[in-house]
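Before any comments, here is the structure.
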Amino acid sequence: MEIQPAAATTAPEPGRAGPLPLITGWRNLRPVEALCYATGAALVVSGLLHLVVFAVDGGPWAGPVSWRKPVTFGLSFGLTLVAVTWVTSYVRIGDRTRAVLLGLFAADCVLEVGGITLQAWRGVPSHFNMESPFDTAVSMSLAVGGGLLVGILATFAVASFTRPPQGPAGMALALRSGWAILLVGLLSGVAMIARGVYLTRTGHQWAGYRSTASLKPLHGVGLHAILVLPALARLLARTSWSARTRHSVVRAAAGCCAAVVVGALAWAVAAY
């Protein structure tokens, strides 16, 4: 994927962008970017491998103990790590700050997927599991890691809104819309964790597992607009369309994503 220097202060956008490549090669990547891309790819591979494990081993797909969790979390965290690494190259934030945040984010993604995968292989729930000191430590580390994720991604989001992002026509809108939708997804995740931990701590563990069901669609939908919308803006930069037309397409796509999020939110409220 094309990595533009985050420290640049001009927004490169003539009327027509021409055929710009999406991938420039590993030689142009900074060390933290290469690390994050490799880590994201490893997490995606882990998710796919556990899909094979599910096909061979069988068992339920739904529920607090299933191969679904290492599959979906591996794929989701891997794609999100790759997406965040790429899109933050357009965010006007200090190189050192970005490197530290991306490094922490990559480590946190490994912690989350690793903890969930470990518990799946042990045959016990990963979240809201307070059955033993070890299970409690894993569950609370996942909750703390989730809080760290929110803080890191919120920092990038604030940077996108305080200083206009770089990139071709529509990229600023794509980034800001993507970050806003991502924050909605993260907040739904925080609500899921808070509700589940409360129910578990008050002696209603199975109710804690079931309490997250209504928010899962909103959580899942909200996480990936930050990949879809900037990717659309970048692909449109390869066309001969005018900047105004490309911006309009991105705006329409952002509106569609927002409509899906509103629908998922309405469903969550109705099903709560």
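Observations on the structure shown:
- Search result, residues across segment 88-125 that are closer than 21 Å to GLY196 by Cα, among the polar types (S, T, N, Q) and without any contact (Cβ under 8 Å) to a residue 60 or more places away in the chain: GLN119
- Scanning segment 23-59 for residues that are open to solvent by less than 50 Å² (accessible area, probe 1.4 Å), at pLDDT below 90 and among the hydrophobic types (A, V, I, L, M, F, W, C) yields a total of 1.
- Which numbered condition VAL138 fails, given (1) without any contact (Cβ under 8 Å) to a residue 24 or more places away in the chain; (2) open to solvent by 30 Å² or more (accessible area, probe 1.4 Å); (3) more than 27 Å from ARG163 (Cα to Cα): (2)
- Candidate set: segment 237-272, residues that are among the β-branched types (Val, Ile, Thr) and either more than 11 Å from VAL221 (Cβ to Cβ) or outside any helix (DSSP H, G or I) (or both); chosen: the one most open to solvent (accessible area, probe 1.4 Å): VAL269
The values are calculated or read from the model by the stated rules, or taken from the named source; none is laboratory data. None of the values given here were measured: they were computed from a predicted structure. Cβ coordinates were reconstructed from backbone atoms using ideal geometry, including for glycine residues, and neighbour counts include every protein chain displayed. The area values use the complete protein model at the heavy-atom level, side chains included, leaving out ligands, DNA and RNA. Shrake-Rupley method; radii C 1.70, N 1.55, O 1.52, S 1.80 Å.
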